[in-house]
Every structure is written in C-alpha cells, then in structure tokens.
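J.: Next up is a structure, given as structure tokens.
None of the figures in this text is laboratory data; all of them are computed from the coordinates on show. Computed from a predicted structure; not experimentally measured. Quick reminder, even Gly has a Cβ in these numbers, built from the backbone with ideal geometry, and neighbours come from all protein chains shown.
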Amino acid sequence: MRWIPLEANPQVLNEYMNNLGVVEGPWKFIDIFSLDDVMLAFIPEPVISLLFLYPLETSVENACLGVEDNSSNVILIKQTVSNACGTIAILHAIANNRQHLSIKDGSFLSSVLDGFENKTPNERGAIVESKRELSILHEKSALEGQTEAPTPESKTNLHFVCFVEHDGSLYELGNFYLSQTSEIPCSYHFMIKK
C-alpha cells in the first residue's frame with residue numbers, strides 16, 4: 001500500500017489536523033526557517049512538538065539522533081504504508097500531546113487514539129493502515145499543497161520525524177524507532193533548542 005507524500009506546508013498540515021478531529025485552537029503547525037537563536041525568538045511558545053522533514057541518505061535512513069528507548073510510555077506508531085511518514089508524524093504529535101489538544105468527541109481521530117491505548121507500535125501501525133477514512137483524509141491533504149502532488153508510486157527521498165517532550169525528556173519518533181535524544185531536562189519552552 002502506498003499513499004501520496006504530504007507536502008511540508010503548515011497550511012495543509014493544520015487543515016489536515018482539523019479534518020482529523022483536532023479542534024482549531026492555539027496549537028498549529030508553522031514553518032521554522034532556521035534553528036539560529038535569532039530566528040527561534042520568533043517562534044510562538046510553548047512548543048509541544050516539532051515535525052522535521054529531512055532528506056534520506058542510505059547512511060542515515062535507519063538512524064536516529066538519540067539512543068533507542070522503548071521503556072517509556074511515549075506512543076510510537078510503526079509506519080506500514082509507504083509515503084505515510086507525514087501522517088505518522090502528525091499522529092505522533094497528536095497522540096503524545098492529547099492532554100493539550102481539544103479533540104472532537106466521537107470524531108474519527110478520537111476513536112483512532114482510543115484504539116492506540118495498550119497497543120504495540122506494530123498494532124498501532126496496523127490500525128492506521130486499516131482506516132480507509134484516514135487514507136482518504138491523507139490523500140485530500142496531499143493534493144492540496146502548493147506544488148504538484150507526486151503519484152503514490154513515487155519514491156521520495158524525504159522523511160518526516162516528530163520530536164515530543166515527555167516526562168521532561170525530548171524524544172524523536174521515527175517510523176520504526178523511539179529515541180531519547182537528550183539526557184538534559186527538556187521543557188516545552190526549550191524543546192526546539194535541544
């Protein structure tokens with residue numbers, strides 16, 4: 001199974017998040033053009049997650065920035081659908097920040113997140129793959145970018161990961177791994193500086 005890759009476009013990602021069932025509110029995706037301190041000063045705080053899109057290279061395709069850590073109760077979802085890393089990153093951001101977000105009762109997203117409880121990353125990946133409504137919402141969003149959408153058969157060399165704060169530590173969530181990226185305590189106000 002292959003989906004159309006998502007464009008890293010905040011407008012598209014915000015609309016997608018709202019279509020999934022997150023009530024529009026203070027939390028939104030924005031572009032970060034640089035990690036320089038001067039540019040970071042313009043980022044609204046606090047930050048509850050960071051989606052990062054980077055070019056894949058053979059040497060780093062399965063690498064992560066930190067040490068693998070499967071002992072925490074951070075929600076990890078295994079990507080089982082090709083080109084779905086954007087959706088997986090969004091779901092990682094939402095699932096691990098549910099306490100900060102307003103999610104419509106009875107929404108599609110609410111039922112998916114409830115289904116993630118007490119499941120393994122592989123089982124969560126199977127849930128994502130089985131949800132036809134999710135693939136429809138993903139495709140709708142993938143076709144709304146500023147650039148022409150590639151076909152589902154396209155092989156892209158770009159990959160989304162998500163960074164979240166959990167219990168004072170910063171975690172990187174990829175499609176097959178969870179890693180604690182810093183032993184230094186992390187807070188929402190300093191997450192993107194880590």
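J.: List every residue whose amide H lies under 5 Å from the amide H of His166, counting only residues 5 or more places away in sequence or on a different chain, with H placed 1.01 Å from N in the peptide plane.
T.: So His166 has HN proximity to Tyr171.
J.: Could you go through the stretch 150-161 in sequence order and give the Karplus-derived ³J(HN,Hα) for each residue, using 6.51 cos²θ - 1.76 cosθ + 1.60 with θ = phi - 60°, rounded to whole Hz, and x for Gly and Pro?
T.: Once rounded to whole Hz, the list reads x, 7, x, 6, 4, 9, 9, 9, 10, 9, 8, 10.
J.: For the pairs Lys78/Lys119; Lys28/Lys119; Lys28/Lys140; Lys78/Lys155; Lys28/Lys155; Lys104/Lys131, flag any whose C-alpha to C-alpha distance is greater than 22 Å.
T.: From Lys78/Lys119; Lys28/Lys119; Lys28/Lys140; Lys78/Lys155; Lys28/Lys155; Lys104/Lys131, over 22 Å: Lys28/Lys119; Lys28/Lys155.
J.: How much net charge surrounds Ser102 when only other residues with a Cβ under 14 Å from its Cβ are counted (Lys, Arg +1; Asp, Glu -1)?
T.: Neighbour charge sum, excluding Ser102 itself: +1.
J.: Between Lys78 and residues 5 or more places away or on another chain, which pairs have amide H atoms under 5 Å apart, with H built 1.01 Å from N, and which residues are they?
T.: Here the answer is Asn122, Arg124, Gly125, since their amide H atoms fall under 5 Å of that of Lys78.
J.: So for the pair Ser34, Asp114, with labels modelled 7 Å out along Cα→Cβ, what separation do we get in nm?
T.: According to this spin-label approximation, the distance is 4.7 nm.
J.: Under a point spin-label approximation (7 Å from Cα along Cα-to-Cβ), what is the Ala41-Arg132 distance to one decimal in nm?
T.: Spacing of the two 7 Å Cα→Cβ label points: 5.4 nm.
J.: Which FRET efficiency value, to the nearest 0.05, is calculated for Phe52 and Glu153 with the Förster distance at 35 angstrom and r the Cβ-Cβ distance?
T.: For R0 = 35 Å, the calculated efficiency reads 0.90.
J.: Amide H to amide H under 5 Å from Ser102: which residues, 5+ apart in sequence or cross-chain, H placed 1.01 Å off N in plane?
T.: Here Val23 satisfy the definition.
J.: Let me ask you something else. With θ set to phi - 60°, apply the Karplus curve 6.51 cos²θ - 1.76 cosθ + 1.60 along the stretch 118-134 and write out the HN-Hα couplings as whole Hz, x wherever there is a Gly or Pro.
T.: The phi angles translate into 6, 10, 7, x, 5, 5, 5, x, 5, 4, 4, 4, 7, 8, 4, 4, 5 Hz.
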